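Student: Right, I'll just put the structure down here and ask away after.
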Amino acid sequence: MKKIAVFTSGGDSPGMNACVRAVVRTAIFKGLEVYGIYRGYEGMIEGDIKRMHSHSVSNIIQRGGTVLKSARSMEFKTPEGRKKAYDNLVAHGIEGIVAIGGDGTFTGAKIFQEEFGIPTVGCPGTIDNDIYGTDYTIGFDTAVNTALEAIDKIRDTAAAHDRIFFIEVMGRDAGFIAVDCGIGGGAEYVMVPETKTDLNIVVKSLKNLRKSKSSSIVVVAEGDEEGNAEAICQKVKEKINDKEKDFKVTTLGHIQRGGSPTAKDRVLGSLCGMAAVEGLLEGRMNCMAGVMNQEIVYTPFGDCIGKEKPLNKEHLKLMEILSI
Ligand code: F6P
């Protein structure tokens, strides 16, 4: 293998740049030519592919977003789109690919690899932490810390006015961000898609807390089946039915995707990037390089996207104990 390419795809996450940097520098270290594909699968289809050098990735490890840009491509979902992408890779002599992204990225990579056979190794880049085969995904730690900073600020004003806040965090269909924000932010309750919440219990716990605490924070994962934070707040408000109580809703949104990556995300991104290139050189394909129990592990794409990654039971227990 002499030439490889790297791209970022799907929702960007802090630490993707560290990962790109590690891929480029490891490839050069190992004597490979390395190319950057811009805007994920879109750029692959359009042939937006450029040679990268060691200096191409200077001064990016501390930056959020992704210097390779990202996109969600509809055309890549079609056989015609994938054929165009393949032709462009062949034209550049690309023999191996590093795909940095989440489940959508790996779903595309798996199909593409099975159709055209270009070896691909993935790196888990998403704030959601919903990928099986790695303890944490690149960007999760930064997103939790960003959300926590906001939650701490909301706590100040919530306490000043004795208010109940419903704070919605990202995570798509997973509650990892919500649970860690709940623990770290001292939330009174956390609602996640993985477990069904009885709103009567939320109401009861908020009522019980009222005498001892001046503010209450309920962290809501965006994928919760009771609806978004606004809808849940309305339902709880009606059930509590106390005109003296003041309810507010804050949706943190895309702020969670940006910002300078934490040390953990820089190290994780760098480790996965290095491992992906080493994996390609060892003949690995159709799999993701992740870190579990401080060891680099390679997990087939099929498992990364197909196997459920459960929430940490100890975290859930801790949340329940600490919110009394
Ligand atoms: O997968 C990352 C993520 O930020 C999710 O948490 C969220 O549901 C989604 O992407 C938002 O996607 P977009 O940026 O396309 O609106």
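The values are calculated or read from the model by the stated rules, or taken from the named source; none is laboratory data. The structure displayed is predicted, hence computed values, not measured ones. Here the Cβ is made from the backbone with ideal geometry for all residues, glycine too, and neighbour counts use every protein chain on show.
Student: Please go through the stretch 12-40 and give me each residue that is buried (at least 24 other Cβ atoms within 10 Å of the Cβ) and either within 16 Å of the ligand (Cβ to nearest atom) or not in a helix (DSSP H, G or I) (or both), ordered by number.
Tutor: Selection gives Asp12, Ser13, Pro14, Gly15, Met16, Cys19, Val34, Ile37, Gly40.
Student: Now for a separate question. Among the listed residues Lys248, Lys243, identify the single one that is surrounded by fewer than 23 Cβ atoms within 10 Å (Cβ to Cβ) and either closer than 24 Å to Gly15 by Cβ or touching a residue at least 40 places away in the same chain (Cβ under 8 Å) (or both).
Tutor: Lys248
Student: Give me the pairs: first residue in the stretch 41-69 and within 24 Å of Gly258 (Cα to Cα) and part of a helix (DSSP H, G or I), second residue modelled with pLDDT of 95 or more and among the aromatic types (Phe, Trp, Tyr), beta-carbon distance under 7 Å, and six or more apart or on different chains, which are they?
Tutor: Tyr41/Phe76; Gly43/Phe7
Student: Say whether the condition of being more than 28 Å from Ser13 (Cα to Cα) and more than 14 Å from the ligand (Cβ to nearest atom) is met by at least one residue in the stretch 216-226.
Tutor: yes
Student: Within the bounds of the stretch 196-208, is there any residue that is hydroxyl-bearing (Ser, Thr, Tyr) and either touching an Asp or Glu at 6+ places or on another chain (Cβ under 7 Å) or closer than 19 Å to Ile321 by Cβ (or both)?
Tutor: Yes - at least one qualifying residue is present in the stretch 196-208.
Student: When Asp152 is evaluated against the numbered criteria (1) within 16 Å of the ligand (Cβ to nearest atom); (2) without any contact (Cβ under 8 Å) to a residue 40 or more places away in the chain, which criterion, by number, is the only one it fails?
Tutor: Among (1) within 16 Å of the ligand (Cβ to nearest atom); (2) without any contact (Cβ under 8 Å) to a residue 40 or more places away in the chain, Asp152 violates only (1).
Student: Please go through the stretch 281-301 and pick out each residue that is surrounded by 14 or more Cβ atoms within 10 Å (Cβ to Cβ) and not in a loop (DSSP other than H, G, I, E, B).
Tutor: Leu281, Cys287, Met288, Ala289, Gly290, Val291, Ile296, Val297, Tyr298, Thr299, Pro300, Phe301
Student: A further question on this structure: Does Glu230 meet the test of being surrounded by fewer than 17 Cβ atoms within 10 Å (Cβ to Cβ) and in a loop (DSSP other than H, G, I, E, B)?
Tutor: The answer is no for Glu230.
Student: Still on this model: With Asp180, Asp141 as the choices, which residue is under 23 Å from Cys19 (Cβ atoms), of a type in the set (D, E, K, R), at pLDDT 95 or above and within 11 Å of the chain's Cα centre (by Cα)?
Tutor: Only one candidate qualifies: Asp141.
Student: Those residues that are at pLDDT 95 or above, farther than 16 Å from Lys317 by Cβ and either under 23 Å from the mean Cα position of the chain (by Cα) or part of a loop (DSSP other than H, G, I, E, B) (or both), I need them from the stretch 187-224; list them, please.
Tutor: Matches in the stretch 187-224: Met191, Pro193, Val218, Val219, Val220, Ala221, Glu222, Gly223, Asp224.
Student: Looking at Gly133, Gly122, which is the one that is in contact with a Phe, Trp or Tyr (Cβ under 6 Å, 6 or more places away or on another chain) and either surrounded by 19 or more Cβ atoms within 10 Å (Cβ to Cβ) or not in a loop (DSSP other than H, G, I, E, B) (or both)?
Tutor: Answer to the selection: Gly122.
Student: Something else now. When you scan the stretch 253-260, do you find a residue that is surrounded by fewer than 16 Cβ atoms within 10 Å (Cβ to Cβ) and more than 16 Å from the ligand (Cβ to nearest atom), even just one?
Tutor: Within the stretch 253-260, one or more residues are surrounded by fewer than 16 Cβ atoms within 10 Å (Cβ to Cβ) and more than 16 Å from the ligand (Cβ to nearest atom).
Student: A further question follows. Given the structure, is Arg163 more than 13 Å from the ligand (Cβ to nearest atom) and within 29 Å of Lys313 (Cβ to Cβ)?
Tutor: no
Student: Considering only residues that are within 16 Å of the ligand (Cβ to nearest atom) and surrounded by fewer than 23 Cβ atoms within 10 Å (Cβ to Cβ), look in the stretch 89-106 and name the one that is farthest from Ser70 (Cα to Cα).
Tutor: Asp103
Student: Only residues that are buried (at least 24 other Cβ atoms within 10 Å of the Cβ) and away from the ligand (no atom under 15 Å from the Cβ): list them for the stretch 167-201, please.
Tutor: Gly182, Ala187, Val190, Met191 - these are the residues of the stretch 167-201 that are buried (at least 24 other Cβ atoms within 10 Å of the Cβ) and away from the ligand (no atom under 15 Å from the Cβ).
Student: Right, here's the next one. Sort out which residues of the stretch 1-11 are among the charged types (D, E, K, R) and in a strand (DSSP E or B), and write them in order of number.
Tutor: Lys3
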